[in-house]
1. Residue A:21: facing chain B (nearest Cβ under 7 Å) and in a loop (DSSP other than H, G, I, E, B), yes or no?
2. Among the residues of the stretch B:54-76, is any in a helix (DSSP H, G or I), open to solvent by less than 10 Å² (accessible area, probe 1.4 Å) and touching a strand residue (DSSP E or B) at 6+ places or on another chain (Cβ under 8 Å)?
3. For residue B:107, work out the one condition from (1) over 17 Å from the mean Cα position of the chain (by Cα); (2) at pLDDT below 95; (3) at the interface with chain A (Cβ under 10 Å from one of its Cβ atoms); (4) assigned to a helix (DSSP H, G or I) it doesn't fulfil.
4. Scanning the stretch A:82-110 for residues that are of a type in the set (Lys, Arg) and within 29 Å of residue B:42 (Cα to Cα), which turns out most open to solvent (accessible area, probe 1.4 Å)?
5. Residues in the stretch A:38-51: is at least one more than 9 Å from chain B (Cβ to nearest Cβ) and surrounded by fewer than 17 Cβ atoms within 10 Å (Cβ to Cβ)?
6. Of these, A:82, A:78, A:63, which one is within 12 Å of the chain's Cα centre (by Cα) and part of a helix (DSSP H, G or I)?
7. Could you check the stretch B:7-53 and list, in sequence order, the residues that are part of a loop (DSSP other than H, G, I, E, B), within 15 Å of the chain's Cα centre (by Cα) and of a type in the set (A, V, I, L, M, F, W, C)?
Amino acid sequence: MSTHTAADKDSAAPANNKTISLPISRVRLIMKSSPDVSSINQDALFLTTKATELFVQYLAVSSFNNGSGKESNSLSYSDLASAAEETDTFHFLTDILPKKILAGDYLKTLEQMQDEEADN
Amino acid sequence: MAERPEDLNLPNAVITRIIKEALPDGVNVSKEARRAISQAASVFVLYATSCANNFAMKAKRKTLNAADVLAAMEEMEFERFLEPLREALEVYKKGQKGKKEVSEQKRKEKEKKNETDNDKSREEEDDEERMDEEPEAENDAEEDVEN
């Protein structure tokens with residue numbers, strides 16, 4: 001019997017890999033962490049997992065295409081932060097992808113603001 | 001429920017592979033960028049779930065279904081995902097149907113055996129349950145190699 005099940009698994013595995021690579025169980029856990037959600041059917045779970053994969057591809061590709069690293073062949077955090085800020089569909093990411101600014105620059109703007117206040 | 005906060009992360013090795021496959025060959029993705037995309041993916045799941053749940057609630061249903069998820073994609077302005085999602089669902093359903101037929105066959109075989117040997121078939125059921133689990137340990141090992 002054990003050889004039986006092993007053979008079945010082998011034949012099913014390549015088909016599964018083709019459609020989905022993220023673990024469905026983990027996606028279910030994230031979905032269930034939302035307090036309003038009571039239950040999710042199998043198709044909805046599959047679609048959300050697949051959509052997440054498409055989203056990762058889309059976010060990576062559009063950040064790279066609109067980013068600064070095209071010449072150097074690299075994708076950096078700031079490319080992602082720009083995508084979140086500039087692309088409408090990625091706007092919901094601005095909270096978790098804040099634009100980084102240098103401490104020095106921040107101090108300068110702070111000084112400027114104080115100067116302006118003093119002038120007034 | 002999620003017991004540790006890292007349970008709400010998606011496996012880094014898989015996320016990295018999806019990013020690499022999507023970008024042109026040889027693009028270097030910084031560690032920070034990979035982490036950011038992974039977090040963005042988790043937020044995407046939550047956002048999609050919340051949108052889909054709104055549609056289910058409007059229809060007075062407690063269970064999220066495929067139509068709710070597709071409606072959520074439209075609302076989130078990810079219409080570009082609709083076609084690939086429908087196609088993938090089609091393939092997935094065919095696969096599930098095939099699986100069902102196989103397990104149906106097994107069940108019948110088991111019933112025959114059941115008549116002769118009860119204890120043995122119980123063991124077999126346990127084995128099958130274990131086969132369905134995701135091989136997450138493998139993913140983690142892969143990650144170590146890449147870094």
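The values are calculated or read from the model by the stated rules, or taken from the named source; none is laboratory data. Every value quoted in this text rests on a predicted model; they were computed, and no experiment measured them. Positions of Cβ are backbone-derived with ideal geometry, glycine not excepted, and every protein chain shown enters the neighbour counts. Quick note on the areas: whole protein, heavy atoms, side chains included, nothing else; ligands and nucleic acids left out. Shrake-Rupley method; radii C 1.70, N 1.55, O 1.52, S 1.80 Å.
1. Judged against the criteria, residue A:21 is a match.
2. Yes, because at least one residue in the stretch B:54-76 is in a helix (DSSP H, G or I), open to solvent by less than 10 Å² (accessible area, probe 1.4 Å) and touching a strand residue (DSSP E or B) at 6+ places or on another chain (Cβ under 8 Å).
3. Every listed condition holds for residue B:107 apart from (3).
4. Top of the filtered list is A:100.
5. no
6. Only one candidate passes the filter, namely A:63.
7. Of everything in the stretch B:7-53, just one residue is part of a loop (DSSP other than H, G, I, E, B), within 15 Å of the chain's Cα centre (by Cα) and of a type in the set (A, V, I, L, M, F, W, C), namely B:10.
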